[in-house]
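Have a look at the structure below before the remarks.
The values are calculated or read from the model by the stated rules, or taken from the named source; none is laboratory data. For clarity, every value in this text was computed on a predicted model and none was experimentally measured. Here Cβ is always computed from backbone atoms with ideal geometry, including for glycine, and neighbour counts include all displayed protein chains. The accessibility values were calculated without ligands, DNA or RNA, using every heavy atom of the protein model including side chains. Shrake-Rupley method; radii C 1.70, N 1.55, O 1.52, S 1.80 Å.
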Amino acid sequence: MITLMTDFGTDSPYIAAMKAAIFERLPQVVVIDLTHAIAPQDVLQGAFVWCEFTKTFPAGTVHVGVVDPGVGSGRRILATRCGGQYFVCPDNGLLTRVFLENPPSEMIEVTNRDYWRPEISATFHGRDIMAPVAAAIAGGASLAELGPPLDENKPPVLFPVQKPQFAENEWRLEILYVDRFGNLMLDATSDTVPEATLAKFSNALEIAIEVNGVETGAVFVAHYGCLPPDRLALLEGSGGRLELAVVNGNASGRFSAKAGDRVALRLK
């Protein structure tokens, strides 16, 4: 199984071109579109989506990430094994959050041209290098066949990550992702919040929320239907991540919020 994540857009013919390059090498493989709606050149968004939404795929799945503003430059192409799955991508930070949760057990620089397409475009390495390399891995090739181990003196590009801050009566978190409903996914899961403070926030009648200088109140609930429309909810999303959502509304629009913005949550 191979998944594709790109910033090409859902109507892009480039997606079909990548799939053709995969089927050229491995016609029987299953290819799944993880998403092609990453914002153009938004490597940070791609890093979050890759980590958050690849967790349920079976061992041996090969994930290809093409959010590649440096295509054609001297940036490297990497292939790595993490937690039993494989990831192929440009060396530009896409692996940041994957590595946070599953440090790599093996990592190589993709250099063996025998596994690439014969003609290499300077502007489409997703089709000409990453797609056929993913097919080779899915077909049984070892990472060692694709290139040398990554030079220890030249580690992969990884973005700095701020840690969430949990005090007894206040949390300071970061928005990592805004979904199409405008829900704000935060950099904390219920199992990373200290148990005592989680209990306080869960049982509070209302929590003060501040985003971009706008302060309002939210209620910690189990699901969206616990509150009437237009109320702000704090809840645990489907992947276990805490999120802020306006019931039948748009939390991102209400706060003019985007990924990277900080959120303060306080007990009243």
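How far apart, in nm, are two points set 7 Å out from the Cα along the Cα-to-Cβ line at Asp42 and at Asp11?
My value for the distance between the label points is 1.9 nm.
Could you compute the net charge surrounding Lys154? Neighbours are other residues with a C-beta less than 13 Å from the C-beta of Lys154; K and R count +1, D and E count -1. Don't skip to the answer; put the middle values down first.
On the way: positive: Arg75, Arg76; negative: Asp91, Glu109, Asp151, Glu152.
Charge balance near Lys154 sits at -2.
What share of the DSSP beta bridges in the chain is antiparallel, in percent to the nearest 5? Each step should come with its number before you reach the end.
Numbers: 39 of 53 bridges.
Bridges in the chain are about 75 percent antiparallel.
Please find the FRET efficiency linking Met1 to Asn250, where r is the Cβ-Cβ separation and R0 is fixed at 25 Å, and quote it to the nearest 0.05.
Once rounded, the FRET efficiency stands at 0.15.
Provide the gained length on full extension for the span Ser142 to Tyr224, in nm with one decimal, where the gain is 0.36 nm per separating residue minus the Cα-Cα distance. Intermediate values should be presented prior to the final figure.
Values: separation 82, 0.36 × 82 = 29.52 nm, distance 4.52 nm.
Roughly 25.0 nm would be gained on extension.
What full-extension length gain, to one decimal in nm, is calculated for Phe23 and Arg262 as 0.36 nm per residue of separation minus the Cα-Cα distance? Working shown, then result.
Details: separation 239, 0.36 × 239 = 86.04 nm, distance 4.33 nm.
Full extension from Phe23 to Arg262 adds 81.7 nm.
Rounded to whole Hz and in sequence order, give me ³J(HN,Hα) for the range 71-83 from the Karplus expression 6.51 cos²θ - 1.76 cosθ + 1.60, θ = phi - 60°, writing x for Gly and Pro.
4, x, 8, x, 4, 7, 10, 10, 10, 9, 10, 9, x
Can you tell me the dipole magnitude for the chain around its Cα centre, using point charges on the Cβ only (Lys, Arg +1; Asp, Glu -1), in Debye to the nearest 20?
Values: 22 positive and 31 negative charges, 27 e Å.
Magnitude of the dipole: close to 140 debye.
Please report, to two decimal places, log10 I(q)/I(0) for the range 72-130 at q = 0.23, 0.27, 0.30 Å⁻¹ as given by the Debye formula with identical point scatterers on the Cα atoms and no solvent.
-0.94, -1.16, -1.31
Among 238-250, 151-163, how do they line up by average Cβ neighbours within 10 Å per residue, starting with the highest? Before the final figure, lay out the partial values.
On the way: 238-250: 18.2, 151-163: 11.3.
Output ranking for 238-250, 151-163: 238-250, 151-163.
If you count, for each residue, the other Cβ atoms within 10 Å and average over each peptide, how do 32-41, 13-22 line up from highest to lowest?
On the way: 32-41: 15.3, 13-22: 16.9.
The densest-packed peptide leads the list: 13-22, 32-41.
Output the 0 to 90 degree angle, nearest 10, between the alpha-carbon long axis of helix 13-25 and the longest principal axis computed from the alpha carbons of the chain.
Tilt relative to the chain: about 50 degrees.
Please give the per residue accessible area of the chain, computed with a probe of 1.4 Å over protein heavy atoms only, in Å².
On the way: 12610 Å² over 268 residues.
For the chain, the solvent-accessible area averages 47 Å² per residue.
What number comes out for the charge environment of Lys200, summing +1 per Lys or Arg and -1 per Asp or Glu over other residues with Cβ under 14 Å away? Display every interim value, and only then the final one.
Numbers: positive: Arg266, Lys268; negative: Glu168, Glu170, Glu195, Glu206.
Net charge around Lys200: -2.
Below 15 angstrom from the Cβ of Gly83, what's the summed charge of the other residues (Lys, Arg +1; Asp, Glu -1)? Display every interim value, and only then the final one.
Numbers: positive: Lys55, Arg81, Arg97; negative: Glu52, Glu101, Glu106.
Combined, the nearby Lys, Arg, Asp and Glu give 0.
Over the alpha-carbon set of the chain, work out the extent along each principal axis and list the three values in angstrom, largest first.
Extents along the principal axes: 63, 39, 32 Å.
Once neighbouring chains are kept in place and the probe is 1.4 Å, which whole percent of the accessible area of the chain is contributed by carbon and sulfur? Mind showing how you got there, number by number?
On the way: 6540 of 12610 Å².
On the chain, the fraction of accessible area on carbon and sulfur atoms equals 52 percent.
With an 8 Å cut-off on Cα pairs and a minimum separation of 6 or more residues, tell me the relative contact order of the range 169-221 in percent.
Working: 47 pairs, mean separation 11.6, N = 53.
After rounding, I find 22 percent.
Can you compute the modelled spin-label distance between Glu106 and Glu168, with each label point 7 Å from Cα toward Cβ, in nm?
Output for this residue pair reads 5.1 nm.
Please express the Cα-Cα pair-distance distribution P(r) of the range 19-124 as a list of whole percents, one per 5 Å bin, running from 0 to the bin with the greatest distance.
2, 11, 21, 25, 22, 14, 4, 0
Please go through the range 76-120 and write out the GluC sites (Glu not before Pro) that DSSP classes as loop and that have at most 11 other C-beta atoms within 10 Å.
Numbers: sites: Glu101, Glu106, Glu109, Glu119; in loops: Glu119.
The qualifying sites are Glu119.
How big is the dipole moment of the range 1-153 about its Cα centre under a simple scheme where the beta carbon of each Lys and Arg is +1, that of each Asp and Glu is -1, and everything else is neutral? Debye, nearest 20, please. Walk me through the intermediate numbers first.
Details: 10 positive and 17 negative charges, 42 e Å.
Charge dipole of the range 1-153: 200 debye, to the nearest 20.
Separation of the range 25-53 and the range 77-99 by C-alpha centroid, Å?
That distance is 12 Å.
What number, rounded to the nearest 500 deg cm²/dmol, is the helix-based mean residue ellipticity at 222 nm of the chain, given -39500 (n - 2.57) per DSSP H run of at least four residues and division by all its residues? Kindly include the intermediate steps, with their values, before the conclusion.
Numbers: 7 runs with 56 residues, N = 268.
Calculated mean residue ellipticity at 222 nm is -5500 deg cm²/dmol.
Lys pairs in the chain, Cα-Cα under 28 Å, at least 8 apart or on separate chains: how many?
So the count of such lysine pairs works out to 11.
Just to be sure I understand the model, the point goes 7 Å from the Cα along the line to the Cβ. What's the resulting Asn212 to Thr192 distance in nm?
2.3 nm
Nearest 20 debye, what's the magnitude of the dipole of the range 157-268 about its Cα centre given +1 on Lys and Arg Cβ and -1 on Asp and Glu Cβ?
Working: 11 positive and 14 negative charges, 35 e Å.
Dipole about the Cα centre, nearest 20: 160 debye.
Contour minus end-to-end for Arg75 and Thr123, with contour as 0.36 nm per residue of separation and end-to-end as the Cα-Cα distance?
Answer, rounded to one decimal: 16.0 nm.
Run through the range 154-216 and list the chymotrypsin sites (Phe, Trp or Tyr not before Pro) located in a DSSP loop whose Cβ has at most 15 other Cβ atoms within 10 Å. Don't skip to the answer; put the middle values down first.
Details: sites: Phe166, Trp171, Tyr177, Phe181, Phe201; in loops: Phe181.
Here the chymotrypsin sites (Phe, Trp or Tyr not before Pro) that fit, given the DSSP loop and packing criteria, are Phe181.
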